[in-house]
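Participant: The following block contains the structure, expressed as structure tokens.
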Amino acid sequence: MNRSSVTILGAGLCGALLAIVLARRGIKVSMLERSPDPRTSEAARGRSINLAMAARGIRGLKHAGVFDLVEPLLVPMKGRCVHNLDGTTQHHLYGQRETEKIYSVSRAALNEILVDAAETEYKVQIKFGQEAVTYYPEEATLRVRDLDTGNDYDVRAKPLIASDGAGSAVRRAFADTDIIGGTEDLLQHRYKELVIPGGPNGEFQLEQNALHIWPRGGFMLIALPNPGGDFTLTLFLPVEGKISFASLDTDSKVQAFFDELFPDIVPLIDDLIGSWNRNPAGVLGTVRSRHWHDRGNVLLIGDAAHAVVPFHGQGMNLAFEDCVVLDQVLENPDADWATVFDVFENEQIANANAIADMALENYVEMRDTVRDPKHQLQQQLAFALEKRLPNRFIPRYSMIMFHDEIPYAIAQKRGAIQQKLLDDLTDRADEMADIDLDAAVAEVERRLPPIH
Ligand SMILES: Cc1cc2nc3c(=O)[nH]c(=O)nc-3n(C[C@H](O)[C@H](O)[C@H](O)COP(=O)(O)OP(=O)(O)OC[C@H]3O[C@@H](n4cnc5c(N)ncnc54)[C@H](O)[C@@H]3O)c2cc1C
């Protein structure tokens, strides 16, 4: 089967990792990327300064043989540190095994490493400053603009893999057809990033190995550590309404909002008002598509196929999982591109839809439910059940973050059964002492099959 070359559109996190994976398979890879080279351009550094990496992301990096390059960048986060309005904090471990951590990683540094490895080690040809304008499905042709010269030219899709992100020009080119059936649901909340710099000697000004959350009901602030001692803060807030980006329309209102709702953190934020005014409010949304490919000519992958809101920290992790799954499908030497794309879609689409749902649910948990004593009791019970029944009851968060061998769709299904069990078992309980753990174990064994 001739699968000797491929063009990848978008040298973001997914595109760059995929280029390495395919090149390692002996496929000749050319890439087109709108932005300038991230290794030489400050302008290319921008969006979301750090990301949470979990088991699926790490698996993708290991599969591509680049984990050793990335590992030094990772800052472990063992759990959530919840900051209450009265200044008190609570620590909630993410998992109960020493290995059950997630990791903060700089998006820009990660992207640079992947692009560099693709180009230098795996001889991927990458052209920067090349913007896809549109895609013509019937001609299987991508129209590209060279942003230096302003000239347009066409590239044949033989095939084209579009990893051009949530606003994918390729996916949108199918909008008037039934072929892809993409939908974009924008959340009525946006995000803005701020920074807590490191202390005078580069020390962390908040606990280093935690993801910090200031849950405030309808909105929240979070902070992730960076290796240099600084934290990236992200405020998630409704677009409109009483407390919203629209209502915070003067410097004094912004200052008063932070003073009132995040008093413990205000003195640590670098140039709050200046950063607020300089940094744009980013859009959040879910992209779902009925299909991810067209006749072996083009495949959507990563956010282009299935952007998810960031509240489970899984968009990149899912995109890296995509790269592994696609590579596994390519193990079959007899499959042509159309078959490869079809099998890949069938493997991953239910998983992408499942994590899209669970990411939306997790926003409510992070900004609100995490403060609820019943929720905290359920977390304790979930850990206790996992200890007693490790092959049967694994908390949903752990299935998603630490168990890359459990597909997201299974985590969603088992998670629903588990949540019902936790609701029933804590119905009349206020603390662990109120729960008969042996009876709870028996109930789990009755209602939840072992995991295979
Ligand atoms: C606020 C925020 C926080 C997040 N936090 C996390 C997290 O903690 N953990 C996690 O796993 N995920 C997180 N994500 C999601 C993660 O950023 C994405 O899932 C991931 O970047 C997807 O990778 P991608 O390569 O598919 O898309 P992108 O990273 O968006 O890359 C797309 C690439 O295509 C290029 N491109 C776009 N259009 C064109 C065009 N027309 N022509 C040529 N090139 C083009 C872009 O320049 C870019 O390089 C977060 C997202 C946001 C917004």
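The values are calculated or read from the model by the stated rules, or taken from the named source; none is laboratory data. These figures come from a predicted structure and were not determined experimentally. Note that we place each Cβ from the backbone using ideal geometry, even for glycine, and neighbour counts take in every protein chain shown.
Participant: Is it the case that the range 23-32 has a residue that's of a type outside the set (Val, Ile, Thr), more than 10 Å from the ligand (Cβ to nearest atom), within 23 Å of residue 146 (Cβ to Cβ) and not assigned by TED's automatic domain parsing to the domain that holds residue 195?
Facilitator: Checked the range 23-32: at least one residue is of a type outside the set (Val, Ile, Thr), more than 10 Å from the ligand (Cβ to nearest atom), within 23 Å of residue 146 (Cβ to Cβ) and not assigned by TED's automatic domain parsing to the domain that holds residue 195.
Participant: Next question, about the same structure. Just a yes or no: is a residue in the range 343-363 modelled with pLDDT under 95 and touching a strand residue (DSSP E or B) at 6+ places or on another chain (Cβ under 9 Å)?
Facilitator: Within the range 343-363, one or more residues are modelled with pLDDT under 95 and touching a strand residue (DSSP E or B) at 6+ places or on another chain (Cβ under 9 Å).
Participant: Ok, one more. Return yes or no: is residue 82 within 19 Å of residue 298 (Cβ to Cβ) and more than 11 Å from the ligand (Cβ to nearest atom)?
Facilitator: Against the criterion (within 19 Å of residue 298 (Cβ to Cβ) and more than 11 Å from the ligand (Cβ to nearest atom)), residue 82 does not qualify.
Participant: Only one of (1) surrounded by 15 or more Cβ atoms within 10 Å (Cβ to Cβ); (2) over 30 Å from residue 140 (Cβ atoms) is not met by residue 96, so which one is it?
Facilitator: Evaluating residue 96 over (1) surrounded by 15 or more Cβ atoms within 10 Å (Cβ to Cβ); (2) over 30 Å from residue 140 (Cβ atoms) leaves (1) as the failure.
Participant: Scan the range 146-163 for residues that are surrounded by fewer than 20 Cβ atoms within 10 Å (Cβ to Cβ), assigned to a loop (DSSP other than H, G, I, E, B) and not hydrophobic (A, V, I, L, M, F, W, C) and jot them down.
Facilitator: Residues satisfying the conditions are 148, 149, 150, 151, 158.
Participant: Is it fair to say residue 227 is at pLDDT below 95 and outside the structural domain of residue 71 (by TED's automatic domain parsing)?
Facilitator: Taking the combined requirement at face value, the residue satisfies it.
Participant: A further question on this structure: Looking only at residues in the range 243-278 that are loosely packed, with under 15 Cβ neighbours inside 10 Å and in contact (Cβ under 8 Å) with a residue 60 or more places away in the chain, which one is nearest to residue 197 (Cα to Cα)?
Facilitator: 270
Residue-by-condition table, conditions (1) part of a loop (DSSP other than H, G, I, E, B); (2) among the hydroxyl-bearing types (Ser, Thr, Tyr); (3) touching a strand residue (DSSP E or B) at 6+ places or on another chain (Cβ under 6 Å); (4) away from the ligand (no atom under 15 Å from the Cβ):
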site	(1), (2), (3), (4)
109	no, no, no, no
165	yes, no, no, no
175	yes, no, no, no
178	yes, no, no, yes
184	no, no, yes, no
194	no, no, yes, no
198	yes, no, no, yes
